[in-house]
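Below you'll find the structure, written out as structure tokens, and then a few comments.
Values quoted throughout were computed directly from the atomic coordinates according to the rules given, and no laboratory measurement underlies them. Remember, predicted model here, so these are calculated numbers, not experimental data. All Cβ positions, glycine included, derive from the backbone under ideal geometry; neighbour counts span all protein chains shown.
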Amino acid sequence: MILGVILGVILGLIFCGKEIPLRDAHNTAREHRSVTVLGSTGSIGCNTLDLIARSPDRFKVEALTANANVAVLAEQARAVRPAFVAVADERAYGALRERLAGTGIEVAAGPKAVVEAAERPAEWVGASIVGAAGLQPTLAAIRRGAVVALANKETLVCAGDLVMAEVARSGATLLPVDSEHSAIFQVFDFAQRDRIEKIILTASGGPFRCHDRAAMAHITPAEAVAHPNWRMGAKISVDSATMMNKGLEIIEAHHLFALPETRIDVLVHPQSVIHSMVAYVDGSVLAQMGSPDMRTPLAFALGWPSRIPAPAPRLDLAAIATLTFEAPDPERFPALRLARQALQTGGAAPTILNAANEVAVGRFLAGEIGFLDIAESVARTLEALDPVPLGSLEEVMAVDAEARRTASAIPRGRLHAKKRGPEGTPDFLNGDGKAGPWMG
């Protein structure tokens, strides 16, 4: 009897301090898993449905949502036959209803309908809505205790303390889908958290890893979205190019793994083979490796606590032959320091950082500002707003809205004709090139 109890504890699956008994893991692996995909028309959502289509005997789709892409959403719905489909843009309701006429699929529209999709009784919810728009539906799924596969890092960046408190209260399971955090999850010993020295997030360095700042000033949106290793949406591709993506991942890792910012490192690894590492106090460093294909971390989350087949190319280290590493350059990529400083400051600072970045990336993609103006716009917004404490979702959303208004109101001319420091450096950098108040 005692031996059985010991084995049960040893074999338990642990995440965020919560133990999941082995018998539950076995049952989950055998049962037909019900799935909801929030943001199904984006790259993560499409890859999720691709994996589901490859294992149709394992999954049943409960609900799908999209922002406004009615054509793709309707096509997906006809293929997987969910019970419920929602489009966030209310103006698209008529077109979606028409495309799904006669299918028996319930159709709804508006932000509340997207939250309703998250509240429906699916065991597993893929949270892949881009940006802060994913916060409320993700929280809705967490609050009912679902297994939430989190591909929306902005949820934890904007409201990490609130989200993790809801995870603890509801008993939900939060599975990271970002390749870096999925990698850490797979090699992080939650039973011996105190034996972990640090975690190391790897970064490809993006398409402009070797560019100097003079060349970066002329980067176009088309160049910024052309990632050398990963196939991703436009927003996350630009974030990767500025390395803001890695900054947001530092904040996300802080909440997911309960580690301070000082124990979260970033290492540039251009081949994107090692997805992240965990260093232990005995000098051991455990790494998770694989080809750069988002279907691998998605398959891990979709099949968890079991594993399911994924069509990602198999890793051939002999063919790759060489893996290289370098430290990130904080002068050419100031977004990393902005994110670290926001995490250190706390309160509303990460929320402001994220909102300002979303606005700046949108303006860059629209041709309103230059590539280097993205980080400058974020810094100016952070300087303009007070990082007040946040105690509720309503307060988070209010700060998010204020930060968006502030970032949107920064004139293009102000970014180009800004006040300069002693050596012609931007005003948010000191004349010696070191960080100013918002640069760490």
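Which residues' amide hydrogens lie under 5 Å from the amide hydrogen of Val61, considering only partners 5 or more residues apart or on another chain, with H built in the peptide plane?
The answer is Val35.
Quick one, which of (1) 64, 49, 45; (2) 70, 60, 48; (3) 127, 53, 50 is the actual Cα extents along the principal axes in Å calculated for this model?
So the calculated entry is the one marked (2).
Please give me the summed charge of the neighbours of Glu119: other residues whose Cβ is under 11 Å from its Cβ, Lys and Arg +1, Asp and Glu -1. Walk me through the numbers before you get to the answer.
Details: positive: Lys112, Arg120, Arg143, Arg144; negative: Glu62, Glu116.
Taking every other residue near Glu119 into account, the sum is +2.
Please sort 38-49, 359-370 by packing, taking for each peptide the average over its residues of neighbouring beta carbons within 10 angstrom, highest first.
38-49, 359-370
Using a simple charge model, +1 on the beta-carbon of Lys and Arg, -1 on the beta-carbon of Asp and Glu, nothing else, what dipole does the chain show about its Cα centre, in debye to the nearest 20?
660
Along the stretch 79-94, what does the Karplus equation 6.51 cos²θ - 1.76 cosθ + 1.60 (θ = phi - 60°) give for ³J(HN,Hα), rounded to whole Hz, x for Gly and Pro?
7, 9, 6, x, 6, 9, 9, 9, 10, 5, 7, 4, 5, 8, 4, x
As I understand it, the dipole of the chain uses +1 on the Cβ of Lys and Arg and -1 on the Cβ of Asp and Glu, about the Cα centre. Which of Gly42, Ile200, Gly283 lies farthest toward its positive end?
Value computed over the given set: Gly42.
Using θ = phi - 60° and the Karplus relation 6.51 cos²θ - 1.76 cosθ + 1.60, list the HN-Hα couplings for the stretch 34-42 in order, rounded to whole Hz, with x at every Gly or Pro.
Once rounded to whole Hz, the list reads 8, 9, 10, 10, 8, x, 6, 8, x.
Calculated from DSSP H runs of 4 or more alone, at -39500 (n - 2.57) each and per residue, what is the 222 nm mean residue ellipticity of the chain, nearest 500?
-13500 deg cm²/dmol, from helical runs alone.
In terms of the Cα gyration tensor, with a ≥ b ≥ c the square roots of its eigenvalues, is the stretch 152-235 rounded because a/c is under 1.5, prolate because a/b exceeds b/c, or oblate?
Taking the square roots of the gyration eigenvalues as a ≥ b ≥ c, the stretch 152-235 is prolate.
Can you work out ³J(HN,Hα) from phi for every residue in the stretch 376-392, in order, using Karplus 6.51 cos²θ - 1.76 cosθ + 1.60 and θ = phi - 60°, giving whole Hz and x for Gly and Pro?
5, 5, 4, 4, 5, 5, 4, 5, 7, 10, 7, x, 5, x, 10, x, 8
Taking a 22 Å limit on the Cα-Cα distance, which of the listed pairs Lys153/Lys246; Lys198/Lys235; Lys112/Lys246; Lys60/Lys153 fall beyond it? Could you put the intermediate results ahead of the total?
On the way: Lys153/Lys246 10 Å; Lys198/Lys235 29 Å; Lys112/Lys246 31 Å; Lys60/Lys153 26 Å.
Violating the 22 Å Cα-Cα cut-off are Lys198/Lys235; Lys112/Lys246; Lys60/Lys153.
Work out the charge dipole of the chain with +1 on the Cβ of Lys and Arg and -1 on the Cβ of Asp and Glu about the Cα centre, then indicate which of Asn69, Leu353, Pro389 is farthest towards its positive end.
Value: Asn69.
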